[in-house]
Amino acid sequence: MKFSGKVPMSRNKRPRIAIPARLAESTSATRFSAIVTARKLAELIWDAGGEPLTFLPVSDIQWGERLEAIDGILLPGGADVDPARYGEVPQSEHLYGIDLLQDQADFSLLDFAIQTAMPLLTICRGTQVANVALGGTLLQHMAKPHINHRSTIEFTNLESELGLKNSSLSTSCFHHQAIDRLAPGIESLAFAAEGHIEAVRYPGDAWAYGLQWHPEDNYKQVPAQLDIAKAFIAAARG
């Protein structure tokens, strides 16, 4: 079912992209805990032609009301998902930043995006959230974490729908977890050299894709990363 509450958008206006904020203990600009959106991520969406809008994570969530004027959803990177979400107990001392409110907001937003067929792009943690929400599991800690890791990944399918012209892509990664069991209905599209899934397509008719890497890190040096964001914005424009 396509969400019908969206306000029609002029072709000349920037599509409005909802980004759930990340909860931070502190920032240099505030005296208290903060909600944040990575500046590079917001700039990526802006440079691709979109209008990035940050949304506060709350426990009593009515996404249909909050997103009436929104054209697409971006679920960004962040800290780890609570292993209880995929039926496990903590098994690694490297787990960090687990926040039940953050999980609740992200999982409910992902469900809203899928149920309403709204254009969706997930990045890093966001892709892990989607895999878990749809019935998959995560590797709690990789044998060789990708921290400030640069690598070339290979696409096996559908790279053209992401705006890419080649099956190889230079990426920037920052994650210590990865998809373990892929959720039913999710299609794997690209892989790292060691075999971890790097890109997926979500079930349904909407433009809905997930990346394990961070396209915002190097999109000014690797134009293909910007092409992915432009494909997302084009889908949000309708």
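Read-outs throughout are calculated quantities, based only on the coordinates presented, and are distinct from any laboratory measurement. What you see is a predicted model; the values in this text were computed from it and never measured. Virtual Cβ from ideal backbone geometry, glycine too; neighbours counted across all protein chains shown.
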Cβ density ranking, 10 Å radius, fewest first, applied to I19, I98 yields I98, I19
Relative contact order (percent, whole number), the chain, Cα cutoff 8 Å, 6+ residue spacing | 21 percent
With r defined as the distance between the Cβ atoms of R181 and F32 and R0 fixed at 35 Å, what FRET efficiency is calculated, to the nearest 0.05?
-> 0.35
Charge context of D47, other residues only, Cβ under 13 angstrom, K/R +1, D/E -1 = +1
Give me V36, V89 ranked fewest to most by other Cβ atoms within 10 Å of their Cβ, as a rough exposure proxy.
-> V89, V36
For T156 and A79, what is the calculated FRET efficiency with R₀ set at 35 Å and r taken between the beta-carbons, to the nearest 0.05?
-> 0.75
Two-site FRET efficiency, E51 against V89, from Cβ-Cβ distance with R₀ of 30 Å, rounded to 0.05 = 0.15
Add -39500 (n - 2.57) for each DSSP H run of 4 or more in the chain, then divide by its residues: what number comes out at 222 nm, to the nearest 500 deg cm²/dmol?
-> -7000 deg cm²/dmol
Any chance you could run the full-extension gain for R39 through A193? It's 0.36 nm times the residue separation minus the Cα-Cα distance, nm to one decimal.
-> 52.5 nm
Take S151, S168 and order them by how many other Cβ atoms sit within 10 Å, fewest up front.
-> S168, S151
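Sum up the charges of everything whose Cβ sits under 10 Å from the Cβ of T137, counting Lys and Arg as +1 and Asp and Glu as -1, but leave T137 out.
On the way: positive: R85, R181; negative: E88, D180.
Summing Lys and Arg as +1 and Asp and Glu as -1 gives 0.
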Taking every pair of Cα atoms in the chain, average 1/r, invert it to obtain the Kirkwood radius, and report Rg/Rh to two decimals.
-> 0.93
Nitroxide proxy distance, nm - points 7 Å out along Cα→Cβ at S168 and Q221 | 1.7 nm
Find, among the GluC sites (Glu not before Pro) in the range 65-125, those assigned to loop by DSSP (not H, G, I, E, B) with at most 16 other beta-carbon atoms within 10 angstrom.
-> E68, E88, E93
Backbone N under 18 Å from the H141 label point (7 Å along Cα→Cβ), restricted to the range 76-114 = 79-84, 88-99
Rounded to 5, the percent of DSSP beta bridges in the chain classed as antiparallel = 60 percent
Please give the contour-minus-distance gain from D205 to L101: 0.36 nm per residue of separation, less the Cα-Cα distance, rounded to one decimal in nm.
-> 34.5 nm
